[in-house]
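The block underneath contains the structure these notes are about, expressed in structure tokens.
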Amino acid sequence: MKATIFDVAQEVGVSIATVSNALTGKKKVSEATRAKIDAAVQKLGYTADPAASSLKSCSSRIIGLIVPSIDNAFFPAVIRGLSSVLEPQGYIINFYSTGFHAEMEEKYIHTLLNLRADGIILDSVSRDERFLRSLASLKFGKKRVPVVALERDLTGLGMTSIYSDNHYGGKLAATHLAKRGAKHVAHVRGPETAPWSQDRYEGFRAGLREAGLSENPALVVDGDFTLQGGRLAAEQLLASGVPFDAVFAANDLMAIGVIKTLMTHGLRVPEDVSVVGFDNTYVAALTTPPVTTVDLPQHHLGEQAGHAIMKAIASGGVEQHCLPLSLIERRSSNPTLPEQSER
């Protein structure tokens, strides 16, 4: 039978409250008594019941992370950054993927409320303002459950937000390709359900206009943020018969898919077609040629989200953190750079 806190108290000859104070550090216990309790815990193999502890303290030490997709090289670094902040503080991260379906967000939020989660980090694709606004005052019973928005600025709806300026990122990509001499630039968009896809597209269009280039609607095709989505988009562009000398893909995986398909058709990257991605995921530097990309610092994004959710749990309030973007130039858009990348 599993040892209980009563067994530890009986072994040492102290009260249950003393054992609890020694294990939680809530009240001071003499070093001699603490040493006896530690020895009894080891001897009996006692472990605290987290469910019981959460009921008493109203803290489950659970943080929910809800994202649109796990089939993406973007989120591992975000999760590592988040874990580096939360795990040392004793938090457990419960991870959920919605598959870019907004209705799944509400389902997983209810799941986390039933688990008595202390906070939720939400990378939302929902466009339902009433739903999003309701998250600013989320509660389970009398317990306040703060929600931090990831990748979108929802401060206007009452949520602390950790994000980057995707419009600016799209503009960076278009400006770079124009400076490299591109005249007919194609774009592979992300899923229509992802708000940041539209932001990157609008920024791309703005960058073309400022460079004096015209957007050709025939050179704008839809993708799904996957490698295969990039391949299919490139096939669609080639089948259109409309000439293009550059492609901006809304993420790195699609950029790599575009490159592979172009090369299969005998086109050289970047000599015939330059390619730029978005996110600067680890895979962008590993492919041949390495991919020029807009650098969105994913690990830092996760770290900032971790700090933000802990602050929201402790004191509430709404904050806005816009992370800087920059363009990492590699060989996929510049033939003078090496075939292999150091970053």
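The values are calculated or read from the model by the stated rules, or taken from the named source; none is laboratory data. These figures come from a predicted structure and were not determined experimentally. Reconstructed Cβ throughout: ideal geometry from the backbone, glycine too, with neighbour counts over all protein chains shown.
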Specify which of the listed residues (221, 275, 247) is without any contact (Cβ under 8 Å) to a residue 60 or more places away in the chain and out of contact with any Phe, Trp or Tyr (no Cβ under 9 Å at 6 or more places or on another chain). 221
Being more than 19 Å from the chain's Cα centre (by Cα), modelled with pLDDT under 95 and not small (Gly, Ala, Ser), is that true of even one residue in the range 303-321? yes
Can you tell me how many residues in the range 94-131 are in a strand (DSSP E or B), closer than 20 Å to residue 316 by Cα and either at pLDDT below 95 or among the charged types (D, E, K, R) (or both)? 0
Taking residue 254 and the conditions (1) touching a Phe, Trp or Tyr at 6+ places or on another chain (Cβ under 8 Å); (2) not in a helix (DSSP H, G or I), which numbered condition does it fall short on, given that it satisfies the others? (2)
Among the residues of the range 99-125, write down those that are in contact with a Ser or Thr (Cβ under 8 Å, 6 or more places away or on another chain) and under 19 Å from residue 159 (Cβ atoms). 102, 104, 105, 108, 117, 118, 125
Would you pick out the residues in the range 69-91 that are small (Gly, Ala, Ser), part of a helix (DSSP H, G or I) and in contact with an Asp or Glu (Cβ under 7 Å, 6 or more places away or on another chain)? 81, 84
Take residue 143 and decide whether it is more than 30 Å from residue 211 (Cα to Cα), without any contact (Cβ under 8 Å) to a residue 12 or more places away in the chain, surrounded by fewer than 18 Cβ atoms within 10 Å (Cβ to Cβ) and of a type outside the set (Phe, Trp, Tyr). no
Could you list all residues from the range 1-56 that are surrounded by 14 or more Cβ atoms within 10 Å (Cβ to Cβ), of a type in the set (A, V, I, L, M, F, W, C) and at pLDDT 85 or above? 8, 9, 12, 14, 37, 40, 41, 44
How many residues, within the range 88-115, are out of contact with any Gly (no Cβ under 9 Å at 6 or more places or on another chain) and either hydroxyl-bearing (Ser, Thr, Tyr) or over 19 Å from residue 143 (Cβ atoms) (or both)? 11
Scanning for something among the small types (Gly, Ala, Ser) and surrounded by fewer than 16 Cβ atoms within 10 Å (Cβ to Cβ), does the range 106-120 turn up at least one residue? no
In the range 322-343, which residue that is modelled with pLDDT of 90 or more and among the basic types (Lys, Arg) is surrounded by the most Cβ atoms within 10 Å (Cβ to Cβ)? 330
Residues in the range 220-246 that are touching a Ser or Thr at 6+ places or on another chain (Cβ under 8 Å), hydrophobic (A, V, I, L, M, F, W, C) and either surrounded by 20 or more Cβ atoms within 10 Å (Cβ to Cβ) or not assigned by TED's automatic domain parsing to the domain that holds residue 267 (or both): how many? 3
Subset of the range 159-183, residues under 20 Å from the mean Cα position of the chain (by Cα) and either surrounded by 24 or more Cβ atoms within 10 Å (Cβ to Cβ) or touching a residue at least 60 places away in the same chain (Cβ under 8 Å) (or both), comes to 159, 160, 161, 162, 163, 164, 165, 166, 168, 169, 170
Just to be sure I understand, how many residues within the range 215-251 are of a type in the set (Asp, Glu), farther than 13 Å from residue 275 by Cα and assigned to a loop (DSSP other than H, G, I, E, B)? 2
Tell me, yes or no, whether the range 185-200 has at least one residue that is part of a helix (DSSP H, G or I) and touching a Ser or Thr at 6+ places or on another chain (Cβ under 8 Å). no
Select, from 275, 269, the only residue that is outside the structural domain of residue 126 (by TED's automatic domain parsing), farther than 17 Å from residue 167 by Cβ and within 28 Å of the chain's Cα centre (by Cα). 275
